[in-house]
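A short worksheet on the structure shown next.
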Amino acid sequence: KNVADKIAAGEVIERPVSIVKELVENSIDAGADSIVVEIKNGGKSYIRVTDNGCGIPRNEAEVAFLRHATSKIETAKDLNAIETLGFRGEALASIAAVTHTELISKTKDEKIGVKLLIHGSEVLDSSGTGCPDGTTIIITDLFYNTPARQKFLKSDSAESGQIIDFMSQIALAYPNIRFRFINNGNVTFSTTGKGDLLNAILSVYKLSEYKDLVPVNRCDDLGSVTGYISKPSLSRTTRRNQIFFVNGRVVSSKVIERGVTEGYKERLFEGRYPVVFLFIHTDPEKLDVNIHPNKREVRFDDESQIVELVSTAVKEALGTKAAVIEV
Ligand code: ADP
Ligand code: MG
């Protein structure tokens, strides 16, 4: 499969959450340590992302909305190994093509920022403006010029549900960044950005019972697993509170699920799922990430080793297996 295909698969702006994802990832790429996301009506009528990152220089603002304005990637292999989140140079162009987009941005070296107004790829206004360092992008009227695609959008609550999930995951993936998420005028959560994962988990998921989480910390030849998991007494009827990160990205993986199940073995009732936040780091060469617009499947070269790593980590954390120090 060539690079162009992979890129094409990922470039689609399917739903509001795709836009939120691209904008937040751009903010992270820009080095922001504070990111505010605000949505209304599931993101269908309004999405705002404000960051305190490096900003876009005034004379580069319009260029940023051109297709392939960036080329951070050369080969298919880089797709897996790439450090920065954005690499397609397509997101802003794709978003601006199907929305009303407003950009306000300023670098710290400039006195005056830039303000752009784009309706369906057409720049209606470009002017100087006073504004703080960083970038704000406001997206309104998603798919206003493609009614056929508008029809495929789900209810406000279904769309906002996906955005809430994404925001929750990204806030955990980056506990060093202060996230604030506002939905229909209410602050859904805000994190401190002070780098403490448990703190971020508690801020995002709020429930006091999450204090029943225990830390996971295991390392072997294959890689490492860290994070927090619940004691068996705290379980759910769905896997919605099971989040797996592999090398910093959220993935879905039956293999990791199997490791978790194995780790809890016989300590859970049928149909109950523990609350699990696991961060796995392993050699990028030993896995294959399949990138879809909305989900990331990961395939490990050695699945049984991953099951072993995860299940052992879980058992150790639950205290059902003493940590053995091998000499
Ligand atoms: P990519 O992220 O793949 O480079 P995008 O279309 O998402 O492509 O963004 C185009 C360019 O606009 C980026 O390469 C970056 O230079 C600039 N940019 C976008 N968002 C921000 C931001 N929040 N802060 C600073 N620069 C940004
Ligand atoms: Mg990008």
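Scanning region 167-187 for residues that are crowded, with 20+ Cβ neighbours inside 10 Å and either outside the structural domain of VAL36 (by TED's automatic domain parsing) or not small (Gly, Ala, Ser) (or both) yields a count of 9. From (1) more than 30 Å from PHE245 (Cβ to Cβ); (2) touching a helix residue (DSSP H, G or I) at 6+ places or on another chain (Cβ under 8 Å); (3) modelled with pLDDT under 90, pick out the condition that doesn't hold for LEU79. Failing condition for LEU79: (1). Looking only at residues in region 115-138 that are more than 14 Å from ligand 1 (Cβ to nearest atom) and among the charged types (D, E, K, R), the one that is surrounded by the most Cβ atoms within 10 Å (Cβ to Cβ) is LYS115. Listed by position, the strands (runs of 3 or more DSSP E) enclosed by region 239-303 that each have at least 3 residues that are within 15 Å of the chain's Cα centre (by Cα) are 242-246, 249-251, 276-282.
Answer yes if at least one residue in region 222-243 is out of contact with any strand residue (DSSP E or B) (no Cβ under 9 Å at 6 or more places or on another chain) and either over 15 Å from ARG299 (Cβ atoms) or surrounded by 20 or more Cβ atoms within 10 Å (Cβ to Cβ) (or both), and no otherwise. Yes: region 222-243 contains one or more residues that are out of contact with any strand residue (DSSP E or B) (no Cβ under 9 Å at 6 or more places or on another chain) and either over 15 Å from ARG299 (Cβ atoms) or surrounded by 20 or more Cβ atoms within 10 Å (Cβ to Cβ) (or both).
The values are calculated or read from the model by the stated rules, or taken from the named source; none is laboratory data. Small disclaimer: the values here were computed from a predicted structure and weren't measured. Cβ coordinates were reconstructed from backbone atoms using ideal geometry, including for glycine residues, and neighbour counts include every protein chain displayed.
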